[in-house]
Amino acid sequence: MMNLVQVIAAKKIRKEFGSFDKKRDAGQTSPADIRRYDDIVYGDDPKWPKWQLLDVYRPKEVEGKLPVIVSVHGGGWVYGNKDVYQFYCMKLAQRGFAVVNFSYRLAPEVIFPAAIEDTEKVFQWICRNAEEYGFDLNNVFAVGDSAGGHLLSLYASAVSNEEYAKNYPFIQKKNLILRGVALNCGKYKLKMPGDDKNISLLVKGYLPNHGTDEELNMVDGSAHLTKDFPPAFVMTCLGDFLYSQAEIMSKALEKAGVKYEYHCYGSDQKPLWHVFHCDPKLEEAVLCNDEECAFFKNLCVK
């Protein structure tokens, strides 16, 4: 049952983040060189059908199969959908990818591991629909920011660590290869000294047992890595309130022997902000997204 305080915290986040995203996206339109397929149903939860929809974006001038980027949106586990990531995702598609942009069920209405289950359903959908939408299943990548970075880190561990995968029995063997991930301004350890009250409330509303030590270890995005974790592009910026989390993830990747790159954008003279890369008008966002897509392309196999 939802706790009233947690519901209030979620509503506050949705209002604040929604206002910021509307300002960021004001005046943006779909690029003329992108073909989009909207509002495709990938899930089967009758109670939350609008949270189990996805879009596909492809460059119009390219025929045939393309490498794929799956976008796992952020929003503190309680906010966000594909609509507020559409312009960012279409910019990724312009760089030569088929991009799958999806919404997932949010807390506190639907709790963990629903978002991981929805992520798995999206990857299953990609396998079933590869021919129709021109997905190259040998070259599938994923990006996730903030809470989406957290979800993606758990999902990538689950598909590369058989022991950890036992926590997610709904994950199936699939005919695709997750070649690499980009973890952008992510939150990997959910309980840290200095976390503000709102983060603590969101975590409690997200987890079934409200954040026991056992739960917090299970959902620690940096704790279950093996050498088989996909190569990772780890990004943060000066001005990101989750700045220290990128170092935690980078050290964990280093210890596990995973190929990775660490990037920090902005400067003391020009600090940026959390998930700055989603603003396609920003020079630093263009650079970041160029470098992430180059990282992916270097991992592609023919």
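The residue list P113, P46, P59, P108 contains one member that is out of contact with any strand residue (DSSP E or B) (no Cβ under 8 Å at 6 or more places or on another chain) and farther than 22 Å from Y168 by Cβ, which is P46. Is it the case that the range 259-271 has a residue that's closer than 15 Å to A156 by Cβ, within 21 Å of the chain's Cα centre (by Cα) and part of a loop (DSSP other than H, G, I, E, B)? Yes, the conditions are met somewhere in the range 259-271.
Only one of the listed residues (G96, G194) is on the phi > 0 side of the Ramachandran plot, open to solvent by 10 Å² or more (accessible area, probe 1.4 Å) and either at pLDDT below 95 or part of a strand (DSSP E or B) (or both). That residue is G194.
Considering only the range 62-69, I want to know if a residue exists there that is in contact with an Asp or Glu (Cβ under 6 Å, 6 or more places away or on another chain) and under 19 Å from G186 (Cα atoms). No: the range 62-69 contains no residue that is in contact with an Asp or Glu (Cβ under 6 Å, 6 or more places away or on another chain) and under 19 Å from G186 (Cα atoms). Going through (1) open to solvent by 30 Å² or more (accessible area, probe 1.4 Å); (2) under 25 Å from Y85 (Cβ atoms); (3) more than 16 Å from the chain's Cα centre (by Cα) one by one, K204 falls short only on (2).
Counting only strands (runs of 3 or more DSSP E) that fall entirely inside the range 1-78 and contain at least 3 residues that are at negative phi and buried (at least 19 other Cβ atoms within 10 Å of the Cβ), the qualifying elements are 53-59, 66-72.
Here L154 clears all of (1) over 14 Å from F112 (Cα atoms); (2) touching a helix residue (DSSP H, G or I) at 6+ places or on another chain (Cβ under 9 Å); (3) open to solvent by less than 20 Å² (accessible area, probe 1.4 Å) except the condition numbered (1). Scanning the range 168-186 for residues that are open to solvent by less than 10 Å² (accessible area, probe 1.4 Å) and part of a loop (DSSP other than H, G, I, E, B) gives Y168, C185, G186. Only residues that are open to solvent by 30 Å² or more (accessible area, probe 1.4 Å) and of a type in the set (S, T, N, Q) were counted in the range 259-293, giving 2. Taking the listed residues I116, I111, the one that is open to solvent by less than 10 Å² (accessible area, probe 1.4 Å) and in contact (Cβ under 8 Å) with a residue 40 or more places away in the chain is I116, with no other qualifying.
The values are calculated or read from the model by the stated rules, or taken from the named source; none is laboratory data. Quick caveat: nothing in here was measured; it's all calculated off a predicted structure. Note that each Cβ is placed from the backbone with ideal geometry, even for glycine, and that neighbours are counted across all protein chains shown. To get the accessible areas, we keep the full protein, side chains included, count just its heavy atoms, and leave off ligands, DNA and RNA. Shrake-Rupley method; radii C 1.70, N 1.55, O 1.52, S 1.80 Å.
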